[in-house]
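Rule-based calculations on the coordinates, nothing more; no lab input. Computed from a predicted model, the values in this text were never measured in an experiment. Virtual Cβ from ideal backbone geometry, glycine too; neighbours counted across all protein chains shown.
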Amino acid sequence: MATETARRRNTLRNAAIFLVLWEVIGDLRLVADGALPSPSAILIALWRDLADYPPHILATFEGAFAGFVIGNLVAVLAGILFAVSPVAARLGRGLNIALFALPPIAISPILVLTFSGMTPRIVLAAIGCYFVTMSATITGISQTDRRMLDVVRAYGGSRWKELRLVEIRAALPAILAGLRVAAPAAVLGSILAEFGGGGRFGLGAYLIGSLGRADPGRLWGIGLAATGMALIAYGICALIEARITHSTRAVNIAATAPGEERETRPVTDTLIALGSFALPFAIWWLLLKLMGTPEMIAKTPAGVVDYLFLAPSAPGAQSRLLAALAETLPMTIIGMAAGLAFAFLLALASVVRPGIVRGFMPIALVTQTMPLVALTPLLVLMLGRGPSVILWITISVTFFPAFVTLAQGLSMVTRGALDVVKAYGASPMTQLRLVSIPASLPWLFTATRLAVPRALLGVMIAEWLATGTGLGNLLNQSRGYLDYGMIWTVAVASVLLAVIFYQIVLIIERRVLRSYGMRPAD
Amino acid sequence: MNLSVNRRHFMGLMGAAASMPLMERAGFAADPFTFQASWINDAEFAGYFLAADKGYYADEGLELTYLSGGPDVIPESTIIAGKADLTLTTPDTTIKAIVDQGAPFKIIGAQYQKNPIGIVSLAKNPINEPKDLIGKTLAVPPVNVISVEAMLKISGVDRNEVNIVPYAYDPTPLIKGEIDASLDFTTNVPFTIEQAGEKATSFLLYDYGYTTFNDTVVVTEETLASKRKEIVAFLKASRMGWEENFKDPAASPPQFADSWFKGTGRSVENEIYFNTAQKPLMEAEGGIFAMSEEAIEANIKALAEVGISAKREHFDTTILEEL
Amino acid sequence: MSDSSGIRLENVSRAFKGRDTIVQALDNVSLDCPAGSFTALIGPSGCGKSTMLRLALGLDRPDSGTITVSGRDPAEAARAGLTGVAFQDAALMPWRNVADNIALPLDVLGRKRAEHAGTITDLIELVGLTGFEKALPGELSGGMRQRVAIARSLVTSPQVLFLDEPFGALDQILRRQMNLELQRIWIKSRATTLLVTHGIDEAVFLADRVVVMQSRPGRIGRVVDIPLERPRRPEIFTAPEFHALQDEVAEALDGH
């Protein structure tokens, strides 16, 4: 109890020191000649603009909320389907990875081209929620205590009865945890779509409209409002989660079932893999047909192939795309590696010195929800427009989810294993070396897979706003030139790129973990 | 109790956020007409706001829906997708789309006779003409890079001697001295810079050979054929709005502060500056939206410099004749 | 003798494939549990006793051989509500209170809970949990949870009762108490019972006969009949004839 209070006091003290430092730096205009406003200046700007906020916040809330509801509903249903039917799960794999990996910045323009009004915001917010909740649902259902299922089965219960009476309810804590993570993602999705959506209201629209005001206080104020919304959404979900799961924590230790190798059937497996690959394209094509969007704007898979390989302008398009890829790819890999390394070091530091992390957490949280577009001008002033700005932006977007995953992995290292080395008087560093680091290997891979799409997003945002290179710039320029073929091509290329990266990590992960006799972390 | 009030407010906003149907002086069946603006609500569209508020569109038998634009809204896309009937564009992208992709666009008028984009710099580090850009860093929105390159070429400046970086319509880097100049609306950004305590100086690309319109009025060929009457009515009412607006450029922006301009976070003084600055760029002998043969010729010539082969047939002046 | 509510296994085999090994969990096993009998299965880990139970419950299918429960296919018997089951670790649903957990088989079988309200109250009383109807499993002790599981196994008034190490997780003292209670309950219900256990004393105390199994491959080693009078009283745990039977089972376990 006493240590808890002391810990809390420490956290508060660190936060206070941080705020005072920030205030001094801001007031003395130490960073980039005053482009980093002090907390008080941000609050003053927030107060001054207070009358502007309500319609923007409500509009963002509307998009985020509708997206949250729809996205999570689809996610839970899909999760149930995938948990119940292994074939559906394997068929849906391509689609799931694509939805997980797609950089919002790349598909926001095509959503705006295809849909109108609030729809792009809702879709992007829904996509932001989908993967998290879908995987949480599958995890929740597949980790259901098998003995509870046996009870139902022993009475001849059907698959539906198992789902209804046991699995869905048992998965509820996992699903709610998923919703908690999805809530800020929905807010961010809505804001990202607002950048390109052209509505009058929404924090994203407000931010874009304010970029030209040379008023960093306001930009940070908007960022703060967005962060606040995300945190409140997170908090509400956490509260609901705590209330529902409080009394129903599992009382049994789940037993692992005897693992039986699935039989491999080459023909069926190949067919399913092909189907899984084709499904996203089929849905893409079908959606455009159903929407009836004019062909000039909405490129079907065939349209993109035509643009990139068959049309007279194809060689030009190809060379522009390849040139952009040659700029984006190396930065993505380097940025991702740097972000992961940073996250790994910080996670290790958190084991040895938990205090460091608690002091650092608030800043990390702000950088996660603060729309990058608001921070980019500041970063440009501080870092210039070279590769370093791309690297920093990429690190800042990749490190946080990676850090959370790794810290979780390290915290789950069994007490017993640590106690064994501790009993021989191992120092914290030796404990890290002998136990924590090897044990966190599966989590490092999970973190890498999480980092893939975010790294690509970070690089593209930096290219678009700061350096004018690579895929980010090509996307923006194509938008300006009404080069619809290229807009779709960049969107498809970036999604494919993310999926390929993801798959490569997955293959390495399987190899390495198998040779160490470990199981994937999720 | 609270809930119902909030809900009504909320529903009202939903409508406002999506679009703004303007239904005034109803009584007879008005023709629906949708206008996609090219930017967020500011003085660039003061004439339309005034025409709407004064009921000019209703008088012409139109029920106007006004769609706001923004940095990432592609106005041409909106009309191809059939979400709007008429929009304002930059002539280079529109004509490039016609030439390269066979887009069915017609330019039927021009809001700005002289394109307001120009090179903006600080008075203490002034860029007064294209030659001053040599060895400097210039921030240009990626879309406008070809226009700047054309202007440099016409002025005999080697493009490789200018460091061009992307610009996101944020003057902060200019004010902080990270860049030496930016390409922006000369009608707008100098005010912002002065608010930040600096003096700004600028010149128009137009004055250095890049003689193009801007906010060209564009419709699809299909709309031109099927909604000719409505298009004429829209331009008539809009022209009246603009004329009324320019009688006193300082008078109209305050009227929109709590309606059209609400939530943009820009001051009324800013909009008055803008409105005043744009007046000489818009006024034409043939009235607002006019496209004289000489002006069209100048556009074709300027666009040829950036490799866009504009033709006279891309411009349709017959609607203007009916106004 | 009528076999209308017994359990019968004939030449049952079941193997599991691991990564590079095949484990023969059951190898050509035959067993007949007559109606109203109490059979205990005992054996070392991996002798296939739990596999046998899962097969009889219809949770798994044999590679070869036949199994009937009350003369029917196990899955069919389960769907008809003829069987009751209690597992090790209680396997209660943490979100259902005691009464709701006991009623779970009714929900699975699609029976109206209202018609069995009396049964549930009686069962709660039988297992000594009156007053805890609304308690959640997380608020109960291990022994109480196990008693809920026993009550749940009886809610359908089963003809055949399967008990899979139901007291395996309890301490010795609690286990004795539960053994006594189970005997009392069983004498009332007279259901054909198959108990899987690790405890020799528990097996001897409860069963009419103890089936001793051996592993690799899983098979039946010996069947020891327990001719002790019922109801058996706690004092019997110290009686010489009880010890003799215990020794006999222990010897059989050692492979003699």
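Relative to the longest principal axis of the Cα atoms of chain B, helix B:145-154 runs at roughly 50 degrees.
What share of the DSSP beta bridges in the protein assembly as shown is antiparallel, in percent to the nearest 5? Restricted to the protein assembly as shown, the bridges split so that about 55 percent are antiparallel.
Mean per-residue shielding of peptide B:88-100 is 2, counting Cβ atoms of other chains within 10 Å of each Cβ.
The residue list A:Leu163, A:Phe115, A:Ile138 was ranked by how far each Cα lies along the charge dipole of region A:48-165 toward its positive end, using unit charges on Cβ atoms, and A:Leu163 comes out on top.
With the simple spin-label model, which puts each label point 7 Å out from Cα in the Cβ direction, the B:Glu129 to A:Met291 separation comes to 5.0 nm. Ordering of C:211-221, A:381-391, B:172-182, A:483-493 by packing is A:483-493, B:172-182, C:211-221, A:381-391, highest average first (other Cβ atoms within 10 Å, averaged per residue). Remark: for residue pairs A:Lys161/C:Lys17; B:Lys106/B:Lys247; B:Lys227/B:Lys301; B:Lys54/B:Lys262; B:Lys227/B:Lys311; B:Lys96/B:Lys199, the C-alpha separation exceeds 26 Å in A:Lys161/C:Lys17; B:Lys106/B:Lys247; B:Lys227/B:Lys301; B:Lys96/B:Lys199.
Other residues with beta-carbon under 9 Å from the beta-carbon of A:Leu482 carry, at +1 per Lys or Arg and -1 per Asp or Glu, a net charge of -1. Spacing of the modelled spin labels on A:Leu496 and A:Arg9, each 7 Å from Cα toward Cβ, amounts to 6.1 nm.
Between C:Ala239, C:Ala191, C:Ala86, the Gaussian network model of chain C with springs among Cα atoms under 10 angstrom shows the greatest mean-square fluctuation at C:Ala239. Only helical runs count toward this figure. For chain C, summing -39,500 (n - 2.57) over DSSP H runs of n ≥ 4 and dividing by all residues gives -10500 deg cm²/dmol at 222 nm. If you plug the beta carbon distance of C:Leu180 and A:Ile236 into 1/(1 + (r/R0)^6) with R0 = 41 Å, you get a FRET efficiency near 0.20. A simple spin-label model places pseudo-atoms 7 Å from Cα toward Cβ; at C:Glu235 and A:Ile244 they are separated by 5.8 nm. Other residues with beta-carbon under 14 Å from the beta-carbon of B:Gln111 carry, at +1 per Lys or Arg and -1 per Asp or Glu, a net charge of -2. Centre-to-centre separation between the Cα atoms of region C:1-80 and those of region A:67-84: 39 Å.
If you average over every viewing direction, what projected area does the convex hull of the Cα atoms of region B:117-208 give, in nm²? About 4.9 nm², averaged over all directions. For chain A, the relative contact order is 18 percent, taking Cα pairs closer than 8 Å that sit 6 or more residues apart in sequence and dividing their mean separation by the residue count. Placing unit charges on the Cβ atoms of the charged side chains and taking the dipole of region A:459-522 about its Cα centre, the candidate lying farthest along the positive direction among A:Ser515, A:Tyr484, A:Leu465 is A:Ser515.
Considering only alpha-carbon pairs that sit under 8 angstrom and 6 or more positions apart, the relative contact order computed for chain C is 26 percent.
Beyond 15 Å, what share of the Cα-Cα pairs of region C:202-256 remains, rounded to the nearest whole percent? Of the Cα pairs, 46 percent sit more than 15 Å apart. Solvent-free Debye calculation, one equal scatterer per alpha-carbon of chain A: log10 I(q)/I(0) at 0.07, 0.08, 0.10, 0.12 Å⁻¹ equals -0.42, -0.56, -0.89, -1.30. Among the helices of chain A, those built from whole DSSP H runs whose Cα atoms reach 27 Å or more along their own axis and whose mean Kyte-Doolittle hydropathy is at least 0.5 are A:53-84, A:119-142, A:168-197, A:216-245, A:266-291, A:314-352, A:387-411, A:441-462, A:484-515.
Taking every Cα-Cα distance in region A:48-148 and sorting them into 5 Å bins starting at zero, the pair-distance distribution P(r) comes out as 2, 13, 17, 19, 16, 12, 9, 5, 3, 2, 1, 0, 0 percent.
Computed about the Cα centre, the dipole magnitude for chain A is approximately 1140 debye when only Lys and Arg (+1) and Asp and Glu (-1) carry charge, each at its Cβ.
Expressed per residue, the C-alpha convex hull volume of chain C stands at 137 Å³. The dipole here belongs to the protein assembly as shown: it is taken about the Cα centre, uses +1 on the Cβ of Lys and Arg and -1 on the Cβ of Asp and Glu, and is about 3500 debye. Using only Cα coordinates, the Kirkwood hydrodynamic radius of region B:28-103 works out to 13.4 Å. Please work out the Cα center distance from region C:122-187 to region A:277-329, rounded to the nearest Å. Computed from Cα coordinates, the inter-centre distance equals 65 Å. Taken about its Cα centre, region B:117-208 carries a charge dipole of roughly 60 debye when the Cβ of each Lys and Arg holds +1 and the Cβ of each Asp and Glu holds -1. Eigen-decomposition of the gyration tensor built on the alpha-carbon atoms of the protein assembly as shown gives equivalent ellipsoid semi-axes of 72, 30, 27 angstrom, largest listed first. Taking every residue in A:447-454 and counting other chain Cβ atoms within 10 Å of its Cβ, the average works out to 0. Using the rule -39500 (n - 2.57) for each DSSP H run of four or more residues, divided by the residues of chain B, the 222 nm mean residue ellipticity is -11500 deg cm²/dmol.
Remark: region B:87-95, residue by residue, has Karplus-estimated 3J(HN,Hα) of 8, 10, 9, 8, x, 5, 5, 4, 5 Hz, where x stands for each Gly or Pro and the curve is 6.51 cos²θ - 1.76 cosθ + 1.60 at θ = phi - 60°. The angle between the Cα long axis of helix B:2-18 and the main principal axis of chain B comes to about 60°, on a 0 to 90 degree scale. Rounding to the nearest 10 and keeping the result within 0 to 90°, find how far the Cα-based axis of helix B:268-282 lies from the longest principal axis of chain B. The angle comes out at about 80 degrees. Please report the antiparallel percentage of the DSSP beta bridges confined to region C:154-256, to the nearest 5. Counting DSSP beta bridges with both partners in region C:154-256, the antiparallel share is about 55 percent.
Averaging 1/r across all pairs of distinct Cα atoms in region C:94-157 and inverting the result yields a Kirkwood radius of 11.4 Å. For chain B, pairs of C-alpha atoms spaced more than 29 angstrom apart make up 39 percent of the total. Contact order for chain B, expressed relative to its length and based on alpha carbon pairs under 8 Å spaced 6+ residues apart, stands at 27 percent. Altogether, the Stokes-Einstein calculation at 25 °C and 0.890 mPa s, with the Kirkwood radius of region B:194-323 over Cα pairs as Rh, returns a diffusion coefficient of 142 µm²/s.
For every other residue with a beta carbon closer than 12 angstrom to the beta carbon of B:Pro254, add +1 if it is Lys or Arg and -1 if Asp or Glu, then tell me the sum. So the environment of B:Pro254 carries a net charge of -4. Across peptide C:84-92, the average count of Cβ atoms from other chains found within 10 Å of a residue's Cβ is 6. Given the Cα-Cα distance of A:Ser411 and A:Ala426 and 0.36 nm per residue of separation, how much length would full extension add, in nm? Fully extending the segment from A:Ser411 to A:Ala426 adds 3.6 nm. Over the residues of chain A, the helix contribution to mean residue ellipticity at 222 nm works out to -26000 deg cm²/dmol, using -39500 (n - 2.57) for each DSSP H run of at least 4.
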